[in-house]
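Report on the following structure.
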Amino acid sequence: MSMSDNQGPLWEVFVQKKSGQPYVHCGNVHAFDKEMALQNARDVYTRRNEGMSLWVVPSEAIVASSPEDIGSFFEPANDKIFRHPTFYQIPDGVGHM
Amino acid sequence: MSTIDFEAIFEAKLANNEFIEPKDWMPENYRKHLIRQVSQHAHSEIVGMLPEGNWISRAPSLRAKLVLLAKVQDEGGHGLYLYTAAESLGVSRDEMLEALHTGKAKYSSIFNYPTLTWADIGAIGWLVDGAAIMNQVMLQRSSYGPYSRAMVRICKEESFHQRQGYEIMTRMAFGTPDQKEMAQDALNRWWYPSLMMFGPPDAESPNSENALKWRIKRESNDHLRQRFVDQTVVQAEYLNISIPDKNLKWNESKKGYDFSPPNWEEFKNVVKGNGICNKERLEARNKAHNEGAWVREAAAAYAKKQNQLSTAA
């Protein structure tokens, strides 16, 4: 029952606010094909110049991490404080680094 | 991991003011509560297009028509944000529409009142959108992520709705004697239905307890209603029109106005389907849906054919 033929498949919408900025997820739309997905995304998510470029991606193509993984999946980053610049001591008088 | 652990994680997230996301474990009743609330919120946006749509072709100027068209289009967009938020809980768009069209699902009862004059369009923007904003500002901090994010978008767009309504009210209230009378008449008819928008009194609100416990809602119906009255009185005073309530009086001890409750029997009756426009609204939604069936069929057939062509090539 959960997938419907009547509304077309679901597409995820990403908007780029200004040239050079990253594309940010803003929601989703139903549409039967790519062109319709793009037009629906424009009508639903950019009525007030929220963006100058859009991506639409079939929702089923998105691969996501699962919430249960939050511990183990991201764990490798936890004990590596040497990846941050504040880990290192730089002497006074050598200028900005 | 046992179910109890999942529940503890869920409770801890709520306690820390974190958001619940679609793939997170959630109690079945939380999911059900949200599906009901978010889908009915979506239906309210869509049905809410009808009373105002009634005046698009009769707007008094080109400017007024452009503004009203943009507002009604926004309401359609708001409905779409909310439908997709509800879909993330595992209900399909078709199921929700079916529930609306058969009368199984409810929508805000305010939209079962008719729009008789142009001043009603002003009163709707000022009062109905004003009340909706008050509710939706609170819902921006709702515990369900997709609902909260939809509310943030909606609130950004909604403030133009209230302002355009108040602008219409000022034009009418400071216009000819006939226009002023229309403004007063619109306030008389929309005041109590607007107070009803916040839902039944806290003591008699069947869904409030869970909604507050789960942080789906953050403030009670009566609390929001009080704030709405306190905010609106000065706006009516500026327009020099009277709120139709002889008991309306400033209460210094609570730093707010005392006011008469709406007629809750009337509210129940409209929710049951016996309001002035319930039948008309449902018929209009069904007609639009059925007359649009060929468009959905044609689009599906076209997409299928394009797919076949691209796989053949």
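The values are calculated or read from the model by the stated rules, or taken from the named source; none is laboratory data. What you are looking at is a predicted structure, and each value in this text was computed from that prediction instead of being measured. All Cβ positions, glycine included, derive from the backbone under ideal geometry; neighbour counts span all protein chains shown. For the accessible areas, the whole protein counts, side chains as well, though only heavy atoms, and no ligand, DNA or RNA atoms are used. Shrake-Rupley method; radii C 1.70, N 1.55, O 1.52, S 1.80 Å.
Rounded to the nearest 5, what is the percent of antiparallel bridges among the DSSP beta bridges in the protein assembly as shown?
95 percent
Take the Cα atoms of the protein assembly as shown, build their convex hull, and give its volume per residue in Å³. Don't skip to the answer; put the middle values down first.
On the way: hull volume 100.4 nm³, N = 410.
Once divided by residue count, the hull of the protein assembly as shown is 245 Å³.
Could you check the simple spin-label distance between A:Tyr23 and A:Asp92, using points 7 Å along Cα→Cβ, in nm with one decimal?
5.0 nm
Could you look at the protein assembly as shown and say what percent of its accessible area is carbon and sulfur, using a 1.4 Å probe and all protein chains?
Carbon-and-sulfur percentage of accessible area, whole number: 56.
Relative to the present Cα-Cα distance, how much length would full extension add between B:Tyr302 and B:Arg171 at 0.36 nm per residue of separation?
Once the chain is fully extended between B:Tyr302 and B:Arg171, it gains 42.3 nm.
State in Å² the accessible area per residue of the stretch B:54-183; use a 1.4 Å probe, count heavy atoms of protein chains only, and round to the nearest integer.
38 Å²
Quick check: pseudo-label points 7 Å beyond the Cα along Cα→Cβ at B:Ala284 and B:Arg218, how many nm apart are they?
It is 3.3 nm.
Could you order B:Phe228, B:Phe259 so the one with the most accessible surface comes first? Probe is 1.4 Å.
Reading off the accessible areas and sorting them downward yields B:Phe259, B:Phe228.
Within 10 Å of each candidate Cβ there may be at most 10 other Cβ atoms; applying that plus a DSSP loop requirement, which trypsin sites (Lys or Arg not before Pro) in the stretch B:253-313 survive?
B:Lys254, B:Lys255
Apply the a/c threshold of 1.5 to the C-alpha gyration tensor of the stretch B:160-268 and tell me whether it is rounded, prolate or oblate.
prolate
When the helix-only estimate is applied to chain B (DSSP H runs of n ≥ 4, each -39,500 (n - 2.57), divided by the residue count), what is the mean residue ellipticity at 222 nm, nearest 500 deg cm²/dmol?
-21000 deg cm²/dmol
So which lysines pass the test for A:Lys18, namely a Cα distance under 25 Å, with those fewer than 8 places away in the same chain ruled out?
Once the sequence-local lysines are set aside, what remains near A:Lys18 is A:Lys34, B:Lys156.
Where a Cα-Cα gap under 19 Å defines reach, which aspartates and glutamates qualify for B:Lys305, not counting those fewer than 8 residues away within the same chain?
A:Asp5, A:Asp33, A:Glu35, B:Glu297
Over both sides of the B-A contact, add up the buried accessible area with a 1.4 Å probe and give it to the nearest 100 Å².
Using a 1.4 Å probe on protein heavy atoms, the buried area is about 2000 Å².
If I require 24 Å or longer along the helix axis, counting alpha carbons, and a Kyte-Doolittle average no lower than 0.0, what helices from chain B are left? Use full DSSP H segments.
B:62-87
If you take the square roots of the eigenvalues of the alpha-carbon gyration tensor of chain B and sort them as a ≥ b ≥ c, do you get rounded (a/c under 1.5), prolate (a/b over b/c) or oblate?
Cα axes put chain B in the oblate bin.
Which of B:Lys71/B:Lys287; B:Lys104/B:Lys268; B:Lys104/B:Lys217; B:Lys13/B:Lys213; B:Lys106/B:Lys279; B:Lys246/B:Lys268 have a Cα-Cα distance over 18 Å? Can you show the working numbers first?
Numbers: B:Lys71/B:Lys287 22 Å; B:Lys104/B:Lys268 15 Å; B:Lys104/B:Lys217 23 Å; B:Lys13/B:Lys213 13 Å; B:Lys106/B:Lys279 13 Å; B:Lys246/B:Lys268 24 Å.
Among B:Lys71/B:Lys287; B:Lys104/B:Lys268; B:Lys104/B:Lys217; B:Lys13/B:Lys213; B:Lys106/B:Lys279; B:Lys246/B:Lys268, the Cα-Cα distance tops 18 Å for B:Lys71/B:Lys287; B:Lys104/B:Lys217; B:Lys246/B:Lys268.
Evaluate Rg over Rh across the stretch B:59-181, taking Cα atoms for both radii and Kirkwood's formula for Rh.
Numbers: Rg = 16.5 Å, Rh = 16.0 Å.
Checking Rg against Rh, the ratio lands at 1.03.
Using the Kirkwood radius over C-alpha pairs as Rh, can you work out the diffusion coefficient of the stretch A:10-92 via Stokes-Einstein at 10 °C, viscosity 1.306 mPa s, in µm² per second?
Details: Rh = 15.9 Å.
Answer, rounded: 100 µm²/s.
Considering chain B as a Gaussian network with a 10 Å cut-off on Cα pairs, which listed residue, B:Ile133, B:Ile121, B:Ile276, attains the greatest mean-square fluctuation?
Between B:Ile133, B:Ile121, B:Ile276, it is B:Ile276 that shows the largest mean-square fluctuation.
Select from B:Lys106, B:Lys246, B:Lys217 the residue whose mean-square fluctuation is largest in a Gaussian network model of chain B (Cα-Cα springs shorter than 10 Å).
It is B:Lys246.
Accessible area of B:Met182, 1.4 Å probe, to the nearest 10 Å²?
Its heavy atoms expose roughly 70 Å² to the probe.
Only Cα pairs under 8 Å and at least 6 apart count here; give the relative contact order of the stretch A:10-92 as a rounded whole percent.
Details: 90 pairs, mean separation 24.7, N = 83.
Once divided by the residue count of the stretch A:10-92, the mean separation gives 30 percent.
Just order B:156-164, A:6-14, B:17-25, B:202-210 by mean Cβ neighbour count inside 10 Å, highest at the front, would you?
Answer by packing, highest mean first, reads A:6-14, B:156-164, B:17-25, B:202-210.
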